[in-house]
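Okay, so here's the structure we're looking at.
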Amino acid sequence: MASWAKATLVSGHPIYLDLAKVTGAKRVRGQGKEFTAIYFGGNTEPFEVVESPEALLGIDAKPGAI
């Protein structure tokens with residue numbers, strides 16, 4: 001069953017992600033950029049969104065984790 005989350009691309013456009021199909025998510029920081037890379041199966045290029053992985057999953061971040 002699909003579990004949808006609304007996110008914002010780094011370009012500012014909204015996107016809806018089917019979290020049941022996400023294979024990975026990581027927070028990227030450096031060179032003046034900060035975003036979350038969201039990976040889906042065989043896609044080589046991730047979606048880059050401004051929300052943290054914890055915000056997308058609706059979980060509390062552990063201190064020092066983000």
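Each residue of region 5-21 was assigned a 3J(HN,Hα) from its phi angle through the Karplus expression (A = 6.51, B = -1.76, C = 1.60, θ = phi - 60°), giving 9, 8, 9, 10, 5, 4, 6, x, 7, x, 9, 10, 10, 8, 5, 5, 9 Hz with x at Gly and Pro. Remark: spin-label model distance L57-D18 equals 2.1 nm, labels positioned 7 Å along the Cα→Cβ axis.
Taking all Cα-Cα distances within the chain, those exceeding 20 Å account for 24%. Taking 12 Å as the straight-line reach from the Cα of K6, the aspartates and glutamates in range (excluding those fewer than 8 positions away in the same chain) are D18, E51.
With charges set only on the Cβ (+1 for Lys and Arg, -1 for Asp and Glu), what does the dipole of the chain come to about its Cα centre, in debye to the nearest 20?
With only Lys, Arg, Asp and Glu charged at Cβ, the dipole is about 120 debye.
The numbers here are math on the coordinates, done by the rules we state, and not lab data. Keep in mind the model is a prediction, meaning the values are calculated, not measured. Positions of Cβ are generated from backbone atoms using ideal geometry, with glycine treated the same way; all protein chains shown enter the neighbour counts.
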